[in-house]
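The values are calculated or read from the model by the stated rules, or taken from the named source; none is laboratory data. Just so we're clear, the structure is a prediction, and the values are computed from it rather than from any experiment. Quick reminder, even Gly has a Cβ in these numbers, built from the backbone with ideal geometry, and neighbours come from all protein chains shown. The area values use the complete protein model at the heavy-atom level, side chains included, leaving out ligands, DNA and RNA. Shrake-Rupley method; radii C 1.70, N 1.55, O 1.52, S 1.80 Å.
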Amino acid sequence: MRQASPLARAVQNVAHHYNITDDFYRLFMEEDMQYTCAYFREPGMSLEAAQAAKMDHIAAKLLLKPGMRVLDIGCGWGGLALRLAARYGVHVTGVTLSEVQLAAARKRADQMGLSDRVEFRLQDYRAVPDRFDRVVSVGMMEHVGQPQYATYYKKICDILQPEGVALIHFIGRSSGPSALSPWFQKYIFPGGYAPAFSEVIPAVEASGLVMADLEVWRGHYEQTLQHWQQRFEATLPQT
């Protein structure tokens, strides 16, 4: 019941998590504001380098070609969409339910001169009417909720072109299905859930999508959190 996510509740949950001042997130994230696990491909990488490596790794897996249309579900502050458009010559549509993130993403697109190649919308993924060559979603499936997994993956299948590719990145669990703590549900992440593979794979299979790759990043989020903690603690005297 906690994970049921009709549109009104989805908007409310996202607002609780993201519609606060960006200054809070800047206390611990890097300038590009990637609120996701970084990719520490080599020892000693900075957080900035590891987040850039993660976005380029995603681009490589998507097999991007100039001119392709890409959908970014849960686009956050727009960093991934803007990097894909600037470096790989694709046209990106980013959707979010956060008005704060939407405003920041649009402002960044204007500042970077990419408004003709990147469009940001205040829109639920279920309402996207277009079709795309590629679909990417990073750190958004934790918001979807287990009851909506079938809807989520079926929607991705429906909006992909016949030869399309989707990449979905999420926080999973190595154990079986469980639940987040009531405290975390109430104060940090209402409606959030980190799924087990046994909950995700059946939804992918039933959607019509074909799973071609599964990559697990053990240890990378641990390093990301260490960087975030160090940056946050360094700002405490200023707050």
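Can you find a residue that is part of a helix (DSSP H, G or I), open to solvent by 20 Å² or more (accessible area, probe 1.4 Å), out of contact with any Cys (no Cβ under 6 Å at 6 or more places or on another chain) and not β-branched (Val, Ile, Thr) anywhere in the range 116-123? So far as the range 116-123 goes, no, none of its residues is part of a helix (DSSP H, G or I), open to solvent by 20 Å² or more (accessible area, probe 1.4 Å), out of contact with any Cys (no Cβ under 6 Å at 6 or more places or on another chain) and not β-branched (Val, Ile, Thr). Of all residues in the range 141-185, those being closer than 21 Å to Glu215 by Cβ, of a type in the set (D, E, K, R) and in contact (Cβ under 8 Å) with a residue 24 or more places away in the chain number 1.
Looking only at residues that are out of contact with any helix residue (DSSP H, G or I) (no Cβ under 8 Å at 6 or more places or on another chain), free of Cβ contacts under 8 Å to residues at least 60 places away in the same chain and under 20 Å from Leu214 (Cβ atoms) in the range 57-75, which one is most open to solvent (accessible area, probe 1.4 Å)? Across the range 57-75, the extreme among qualifying residues is Ala60.
Checking the structure you have, find out if any residue of the range 158-175 is under 14 Å from the mean Cα position of the chain (by Cα), assigned to a helix (DSSP H, G or I) and not hydrophobic (A, V, I, L, M, F, W, C).
Going through the range 158-175, the residues under 14 Å from the mean Cα position of the chain (by Cα) turn out to be 166-172.
Okay, now just the ones that are also assigned to a helix (DSSP H, G or I), so none.
No.
Assessment of the range 76-95 against the conditions (assigned to a helix (DSSP H, G or I), open to solvent by 20 Å² or more (accessible area, probe 1.4 Å) and free of Cβ contacts under 8 Å to residues at least 12 places away in the same chain) yields no matching residue. Would you confirm, using the coordinates I've provided, whether Ala194 is open to solvent by less than 70 Å² (accessible area, probe 1.4 Å), modelled with pLDDT under 90, within 16 Å of the chain's Cα centre (by Cα) and under 30 Å from Tyr88 (Cβ atoms)? It is true that Ala194 is open to solvent by less than 70 Å² (accessible area, probe 1.4 Å), modelled with pLDDT under 90, within 16 Å of the chain's Cα centre (by Cα) and under 30 Å from Tyr88 (Cβ atoms). The residues in the range 194-239 that are part of a helix (DSSP H, G or I), charged (D, E, K, R) and without any contact (Cβ under 8 Å) to a residue 24 or more places away in the chain can be counted, and the count is 3. Of the residues making up the range 96-111, those that are within 23 Å of Pro129 (Cα to Cα) and either in a strand (DSSP E or B) or charged (D, E, K, R) (or both) number 3.
Taken over the range 147-171, the criterion of being surrounded by 17 or more Cβ atoms within 10 Å (Cβ to Cβ), in contact with an Asp or Glu (Cβ under 9 Å, 6 or more places away or on another chain) and of a type in the set (A, V, I, L, M) is satisfied by Ile159, Leu160, Val165, Leu167.
The residues listed here are Leu71, Leu64; of these, the one that is closer than 18 Å to Ile159 by Cβ, out of contact with any Asp or Glu (no Cβ under 7 Å at 6 or more places or on another chain) and assigned to a strand (DSSP E or B) is Leu71. Taken as a whole, the structure places Ser207 among residues that are more than 17 Å from the chain's Cα centre (by Cα), among the hydroxyl-bearing types (Ser, Thr, Tyr) and open to solvent by less than 40 Å² (accessible area, probe 1.4 Å). Restricting to the range 126-140, name every residue that is open to solvent by less than 10 Å² (accessible area, probe 1.4 Å) and without any contact (Cβ under 8 Å) to a residue 60 or more places away in the chain. The one that is open to solvent by less than 10 Å² (accessible area, probe 1.4 Å) and without any contact (Cβ under 8 Å) to a residue 60 or more places away in the chain: Val128.
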